[in-house]
Amino acid sequence: MESRAIRLESEHDIVVARGEVRAMAVALGFGLIDQTRLATVASELARNIIKYAGRGRVIAQAAEHADGRTGMRLIFEDSGGGIPNIEAAMRDGFSTGRGLGQGLPGSRRLAHEFQIESSPARGTRVTVVRWR
Amino acid sequence: MNGAQRIPILKVGRVLVVPVQVDMDDQTVIGLQERILSELERTGARGVLIDISLLEMVDSFIGRMLSDIAAMARVMDARTVVVGIQPAVAITLVELGLELRGVDTVLNVDEGIKLLRDEFGADDDERDEEEAELQGEWHSFGEPRHQA
Ligand SMILES: Nc1ncnc2c1ncn2[C@@H]1O[C@H](COP(=O)(O)OP(=O)(O)OP(=O)(O)O)[C@@H](O)[C@H]1O
Ligand SMILES: [Mg+2]
């Protein structure tokens, strides 16, 4: 349960990913609202990978804070074309698809820690942590 | 195979009732949206009641579907009500930044039916006996009941 990777290769894997992330959140002792936040983040960022990079994966793992708190870390990785302008992509309402442009900024609000790295050569990695 | 076929669309009086009972993948969401619109057209229903009480998560994709259905239904002179959103889902939606534009949300099915009835009047509810028979859990249009 410490760490597991979920493949993201088809639209159906979005459903699988949010289910697995929720189950792991339950196992880590998160309450209902946090389970819902984590499942929603998983759904948004997994869909971005399917939609914009085609495929990738999410690694879900238990996290430990320096102050002793426990939590959950989700790492979304793909080797797609990357995000040319991260600052713009993080803005509410920005979308190059036909989306609401809410996935990235919304996921940042649903997490305690949020980190995004992207380049055309290496693809995109988004890391989020939610503490209990 | 179309996953959306698994979600029933019931007609209760002049309202389409859509009990969403599964965690929908994106194709199911799209298929459901299309079916609701074609049922609206076919039946001339005046209201759409989408019961999401069993949904454990609403993300931007499902949220957009709900807004889109409401907008398109409005063009067809029908009003959309979303019922039973779980508190944890509602909180998460707000933090995500979704406002479900144009969608009325109420707590339960009874309230939803009442709201829609007020909208187009009680006399309007000529009910379709045949379809009502199929429903089972829908006691009558006047007294909707959810079976536990
Ligand atoms: N993994 C990724 N690879 C490449 N581009 C991405 C990736 N994730 C996001 N993007 C880019 O960032 C933009 C913003 O993403 P965000 O999830 O916020 O909105 P959206 O997906 O367009 O709409 P929504 O998520 O609200 O349906 C996207 O339109 C896309 O251009
Ligand atoms: Mg997105």
Any residue in the stretch B:60-75 that is in contact with a helix residue (DSSP H, G or I) (Cβ under 7 Å, 6 or more places away or on another chain) and outside any helix (DSSP H, G or I)?
no
Go through A:A63, A:A53 for me and flag whichever is surrounded by 14 or more Cβ atoms within 10 Å (Cβ to Cβ), more than 16 Å from ligand 2 (Cβ to nearest atom) and more than 14 Å from every other protein chain (Cβ to nearest Cβ).
A:A63
Please work out if B:E99 is modelled with pLDDT of 95 or more and either within 23 Å of A:V16 (Cβ to Cβ) or surrounded by fewer than 23 Cβ atoms within 10 Å (Cβ to Cβ) (or both).
no
Flagged in the stretch A:106-117 as touching a helix residue (DSSP H, G or I) at 6+ places or on another chain (Cβ under 7 Å) and either buried (at least 19 other Cβ atoms within 10 Å of the Cβ) or farther than 17 Å from A:K51 by Cβ (or both), in numbering order, are A:G106, A:S107, A:R109, A:L110, A:A111, A:F114
Take the conditions under 15 Å from the mean Cα position of the chain (by Cα) and facing another protein chain (nearest Cβ under 10 Å) and apply them to A:V41. Does it pass?
yes
So in the stretch A:95-121, with the set limited to residues that are within 11 Å of ligand 1 (Cβ to nearest atom), at negative phi and assigned to a loop (DSSP other than H, G, I, E, B), which one is farthest from the other protein chains (Cβ to nearest Cβ)?
A:P120
Take the conditions of a type in the set (A, V, I, L, M) and at the interface with another protein chain (Cβ under 10 Å from one of its Cβ atoms) and apply them to A:V15. Does it pass?
yes
Are there any pairs, at least 6 apart or on different chains, whose C-beta atoms fall under 7 Å, with the first in the stretch B:92-109 and free of Cβ contacts under 8 Å to residues at least 40 places away in the same chain and small (G, A, S) and the second crowded, with 17+ Cβ neighbours inside 10 Å and assigned to a loop (DSSP other than H, G, I, E, B), and if so, which?
B:G97/A:Q102
Only one of (1) in contact with an Asp or Glu (Cβ under 6 Å, 6 or more places away or on another chain); (2) surrounded by 22 or more Cβ atoms within 10 Å (Cβ to Cβ) is not met by B:L49, so which one is it?
(1)
With the condition kept exactly as written, say whether any residue in the stretch B:31-50 is facing chain A (nearest Cβ under 8 Å) and closer than 19 Å to A:V15 by Cβ.
no
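From B:T92, B:T105, B:T80, grab the single residue that is within 14 Å of another protein chain (Cβ to nearest Cβ) and outside any loop (DSSP other than H, G, I, E, B).
B:T92
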Look through the stretch A:122-132, keep the residues that are within 11 Å of ligand 1 (Cβ to nearest atom) and crowded, with 22+ Cβ neighbours inside 10 Å, and return whichever of them is farthest from B:I91 (Cα to Cα).
A:T124
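The values are calculated or read from the model by the stated rules, or taken from the named source; none is laboratory data. Computed from a predicted model, the values in this text were never measured in an experiment. Note: ideal-geometry Cβ built from the backbone for every residue, glycine included; neighbour counts use all protein chains shown.
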